[in-house]
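Undergrad: The following block contains the structure, expressed as structure tokens.
The values are calculated or read from the model by the stated rules, or taken from the named source; none is laboratory data. This one's a predicted model, so the numbers in the text were calculated from it and none came from an experiment. Cβ coordinates were reconstructed from backbone atoms using ideal geometry, including for glycine residues, and neighbour counts include every protein chain displayed.
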Amino acid sequence: MKEERIVKRLLAWIGVLILTGSCFAGCGTPKEKELGDKELVRINDVSLSFEEFQQISEGQSLEGKMRLLDERGLRDFLENYVITRELLYQEAHKKGFEKNPEIRAKIENFKKMTLIDALLDEGLKGKMDVSEEEIERYYKENQDRFTEPLEVKIRHIFVTSEAALKEVLTKVSQKEDFSKLASVYNMDRSREDGGSLGWIRRGQLAPPFAQFEEAAFSLKNKGEISDLVQTGMGYHLIQLEDKRGTVTRPYEKVKENIRFFLQTKKRQDAYLQYVKELRSKAKIVINEELWAKEGMKGSRPKEEKPTVEKPKHEPPEKEKK
């Protein structure tokens, strides 16, 4: 790829530059061991090769890589991330943090999770691929999931300051009349009619209000109030008054949502099957006597409530883009 070639050339260039500069800097200190041919930087007694620097650079996110497309970005990455990280690590090592039992447990847990992720990446490779035919079939067999109101009748509360927003949220939570609050707080002409915006159709609003529109069409029951929506104008709460007509969202608008849903479902199914196979080959023995005696005793603090685990995947909602 063109970007990769540019990055490699820049990395090679900065490597020569740094090595050359280091040689000049070392001329006056003959006792200091000179950098080796492949040694990019030495931090105290720890050396970092040019290849290691490349690996660290290539391991960055796409956004991070975009900052490494010129010499200035690479040098900043070397000095303010790579060298700084090594210095902090050395200081932590010097202070003996790795001997702390809690930290050792965290390191061990992180190691296990990293290895598990690598195992699953290998074990589930290719098992979550979704074809165009599968997406189309799901769309045809689940038309009700992609049918939504053609038009919705809404009213909103619209404020521009956080102080007013705080007051509004408090009063809405106390079940105060929505239209009366809109008449008091709204910063547009809709205050004259209790925040009423009348009927709107999907796609009618300008692009900056796409989130507002999505929130309006996601409301299902009359009287239901949306979560807070922020636009370039300010803060909005939307209340559904009525809806009429239905329309099925086009395949192209929902295709990627379906793809993501099917990929997630396939991965979950493949994961469960993979674990089932591993368990069938393993020898697992639980000390039931000890579990009965100690297992549920003090297993969680009294004030902590057990969390309800949500499903790993849910069908794409008809209102989502």
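Undergrad: Determine the pairs where a residue that is basic (Lys, Arg), located within the range 70-92, has a partner that is assigned to a helix (DSSP H, G or I) with Cβ atoms under 8 Å apart, the partner being 6 or more residues away or on another chain.
TA: Taking only residues 6 or more apart or on different chains, the pairs are Arg75/Ile14.
Undergrad: Continuing with the same structure: In the range 93-127, how many residues are surrounded by 12 or more Cβ atoms within 10 Å (Cβ to Cβ) and either among the aliphatic types (A, V, I, L, M) or in contact (Cβ under 8 Å) with a residue 40 or more places away in the chain (or both)?
TA: 7
Undergrad: Which of the residues that make up the range 201-240 are surrounded by 18 or more Cβ atoms within 10 Å (Cβ to Cβ) and assigned to a strand (DSSP E or B)?
TA: Val229, Tyr235, His236, Leu237, Ile238, Gln239, Leu240
Undergrad: Looking at Leu150, Leu181, can you tell me which residue is closer than 19 Å to Ser218 by Cβ and either touching a residue at least 12 places away in the same chain (Cβ under 8 Å) or not assigned by TED's automatic domain parsing to the domain that holds Ala215 (or both)?
TA: Just one listed residue meets the conditions, Leu150.
Undergrad: Out of Asn221, Asn186, report the one residue that is at pLDDT 90 or above and within 30 Å of Thr147 (Cα to Cα).
TA: Answer to the selection: Asn221.
Undergrad: Which residues, taken from the range 130-147, are at pLDDT below 90 and either surrounded by 10 or more Cβ atoms within 10 Å (Cβ to Cβ) or assigned to a strand (DSSP E or B) (or both)?
TA: Correct list: Gln143, Arg145, Phe146, Thr147.
Rundown of residues vs (1) in a helix (DSSP H, G or I); (2) modelled with pLDDT of 95 or more, yes/no style:
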{"residue": "Pro149", "(1), (2)": "no, no"}
{"residue": "Lys153", "(1), (2)": "no, yes"}
{"residue": "Phe158", "(1), (2)": "no, yes"}
{"residue": "Ala164", "(1), (2)": "yes, no"}
{"residue": "Ala182", "(1), (2)": "yes, yes"}
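Undergrad: Also, I was wondering about something else. So, in the range 163-188, exactly how many residues are in contact with a Phe, Trp or Tyr (Cβ under 8 Å, 6 or more places away or on another chain) and under 14 Å from Val229 (Cα atoms)?
TA: Number satisfying all stated conditions: 2.
Undergrad: Would you call Ser173 within 23 Å of Gln239 (Cβ to Cβ), at pLDDT 90 or above and surrounded by fewer than 18 Cβ atoms within 10 Å (Cβ to Cβ)?
TA: yes
Okay, residues lined up against (1) among the polar types (S, T, N, Q); (2) touching a residue at least 60 places away in the same chain (Cβ under 8 Å):
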site: Ile200; (1), (2): no, no
site: Pro207; (1), (2): no, no
site: Gln211; (1), (2): yes, no
site: Leu219; (1), (2): no, yes
site: Glu224; (1), (2): no, no
site: Asp227; (1), (2): no, no
